[in-house]
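K.L.:
Structure in structure tokens, see below.
The values are calculated or read from the model by the stated rules, or taken from the named source; none is laboratory data. Here the structure is a predicted model, which means the values were calculated and not measured. Neighbour counts are summed over all protein chains in view; Cβ atoms, including those assigned to glycine, are modelled from backbone coordinates with ideal geometry. Keep in mind that these areas ignore ligands, DNA and RNA; they rest on the heavy atoms of the full protein, side chains included. Shrake-Rupley method; radii C 1.70, N 1.55, O 1.52, S 1.80 Å.
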Amino acid sequence: MNFVEKYLPNLYAYWYKFLNNCSATFRMFVISGLISFFFGMIFGTVLVVFKKDGIKPNKIIHAVVSGVINLFRSIPFIILLVFLIPFTRKIVGTAIGVKGAIIPLVFGTVPFFSRQVETALETVSPGKIEAAKSMGSGTFGLIFRVYLHESVPELIRVTTITAISLVGLTTMAGAVGAGGLGDFAINYGQGLNHQDIIYACIIVLLAFICLLQFVGSFLAKKTTNSRLFTKKVTN
């Protein structure tokens with residue numbers, strides 16, 4: 001704490017606000033991340049299952065889901081934030097603070113993650129799918145026992161990419177009153193010309209992103225190695 005007081009005097013003066021905004025960023029990340037993971041996995045799987053050469057082709061469902069995803073992916077997040085303000089107010093009663101940021105963050109993350117999931121699932125070998133079909137696996141069996149099970153390392157990698165992207169979106173949400181480190185850096189750093197506050201926000205975000213990348217890479221490598229070991233034992 002003496003180090004902070006000596007070298008980061010402005011941060012020390014707003015220390016409790018800084019901690020509160022760190023907490024706000026973390027809450028935005030966790031809540032919107034979990035919701036986005038759930039819906040992203042569903043929509044990404046739907047895109048693979050119902051595509052033209054999928055296990056249960058359906059042009060209408062695929063076209064509708066793909067169209068909606070493309071629509072929201074094409075809107076820059078800062079514009080999406082403003083566009084969703086009336087809808088956010090109707091759903092949660094406010095468009096500011098952590099509560100008001102969740103819906104825009106979900107709308108901004110789900111389309112991106114859905115495409116990432118689609119890409120990950122498409123890496124599954126068609127031969128494994130055909131083999132499972134010949135053994136009598138139904139649609140849900142193919143989804144959970146083949147697609148999702150075989151693409152775990154890739155799903156971890158794309159989840160890591162999406163999580164890092166979500167951190168950036170939470171800071172952008174701070175620019176329109178969502179709170180968090182983005183809001184703190186703008187109002188107390190840039191607004192009051194306290195450069196040490198900006199540095200502190202950057203360091204925290206950098207450390208958080210590095211942690212996410214480390215955990216994601218470790219889990220992806222661990223699951224990949226375990227699969228390679230299983231194949232060798234089987235062979």
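K.L.:
Give the carbon-plus-sulfur fraction of the accessible surface of the stretch 1-158 in %, rounded to a whole number; probe 1.4 Å, heavy atoms of protein chains only.
P.N.:
Values: 6000 of 8950 Å².
Ligands and nucleic acids excluded, carbon and sulfur reach 67 percent.
K.L.:
With θ taken as phi - 60° and the coefficients 6.51, -1.76 and 1.60, list the Karplus ³J(HN,Hα) couplings across the stretch 208-214 in order, rounded to whole Hz; mark glycine and proline as x.
P.N.:
5, 5, 4, 5, 4, 5, 5
K.L.:
Summarise the long-distance tail of P(r) for the stretch 116-187 by giving the % of C-alpha pairs beyond 20 Å. Show your work: numbers first, answer last.
P.N.:
Values: 1293 of 2556 pairs.
Summing the P(r) tail past 20 Å for the stretch 116-187 gives 51 percent.
K.L.:
From largest accessible area down, sort Thr119, Thr160; use a 1.4 Å probe on the protein chains. Don't jump to the answer; show the numbers that get you there.
P.N.:
Details: Thr119 85, Thr160 15 Å².
Of Thr119, Thr160, the descending order of accessible area is Thr119, Thr160.
K.L.:
Based on alpha-carbon centroids, what's the gap between the stretch 163-206 and the stretch 81-112 in Å, whole number please?
P.N.:
Taking the Cα centre of the stretch 81-112 as reference, the centre of the stretch 163-206 is 18 Å away.
K.L.:
Let's see if you can work this out: charge +1 on each Lys and Arg Cβ, -1 on each Asp and Glu Cβ, no other charges. What is the dipole magnitude of the stretch 1-113 about its Cα centre, in debye to the nearest 20? Before the final figure, lay out each step's value.
P.N.:
Numbers: 11 positive and 2 negative charges, 56 e Å.
Roughly 260 debye, rounded to the nearest 20.
K.L.:
Leaving out ligands, DNA and RNA but keeping every protein chain, what accessible area does His194 have, in Å² rounded to the nearest 10, with a 1.4 Å probe?
P.N.:
Probe radius 1.4 Å; accessible area of His194 about 30 Å².
K.L.:
Whole number in Å², please: accessible area per residue of the chain, 1.4 Å probe, ligands, DNA and RNA not counted.
P.N.:
Numbers: 13310 Å² over 235 residues.
I get 57 Å² per residue for the chain.
K.L.:
Moving on. Would you work out which of Phe37, Gly100, Ile197 lies farthest towards the positive end of the dipole of the chain? Charges go on Cβ: Lys and Arg +1, Asp and Glu -1.
P.N.:
After comparing all options, I get Phe37.
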